[in-house]
Amino acid sequence: MCKGLSSLPASCLERAMELKERLRSILLNSHWNTSCSKMGKNKPTLEECLGWKQSFEKLLSSKYGLCAFTAFLVSEFSEENISFYFVCEDYRNTKSPAKLPAKAQKIYDEFIGFDAPREINIDHETRDITRANIQEPSTDAFDPAQHKIYMLMAKDCYPRFLRSQAYRDLVCQAKPSATATKKP
């Protein structure tokens, strides 16, 4: 018989609360959430879905591909990778050098620092290099960490996405484009 939450060890309850907060944060703050919901009934064509297999870059350059990949990462509790990648892209495009220190510190605190709420998986050396880079921030301060995360996604998450049921379902549900269905 279930004794309720009070019978669970405190560490389990703390972890459950952390996961709940993380999920809430993802759902409320994700920039792709809005862009994905705006797509509405616009589904990718079969050709577009199959094109995502050609390269990771092709997947990321497709609006629907990015949404599908992000949803996959959220389902695997690793959305911080794609989030970090695009936050770094935004940081790199910062026009005002005066804004770099505050932005750099915010990114570091959210993704890289000790006990960061959305900590990414990078090695100690890359973490140290990034910490040193943000002491005098430039637009390329996060390049080593961003590259590590890109490679992690390309070599690990991307192949799993292509093998996932979610991707297979998208391909099965996709319709050929109008130009592909016309016969010469």
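Things worth noting here:
- Gained length - residue 121 relative to residue 109, 0.36 nm times residue gap less alpha-carbon distance: 2.9 nm
- Full-extension gain in nm, residue 132 to residue 172, via 0.36 nm per residue minus C-alpha separation: 9.6 nm
- Distance violations [Cα-Cα > 21 Å] among 58/148; 43/63; 58/106; 63/175; 58/103; 106/148: 58/106; 58/103
- Counting only heavy atoms of the protein chains and using a 1.4 Å probe, residue 87 has close to 50 Å² of accessible surface.
The values are calculated or read from the model by the stated rules, or taken from the named source; none is laboratory data. Bear in mind that the values here come from a model prediction, so they are computed numbers and not experimental data. Each accessible area value is taken on the protein alone, full model and side chains, heavy atoms only, with ligands, DNA and RNA left out. Shrake-Rupley method; radii C 1.70, N 1.55, O 1.52, S 1.80 Å.
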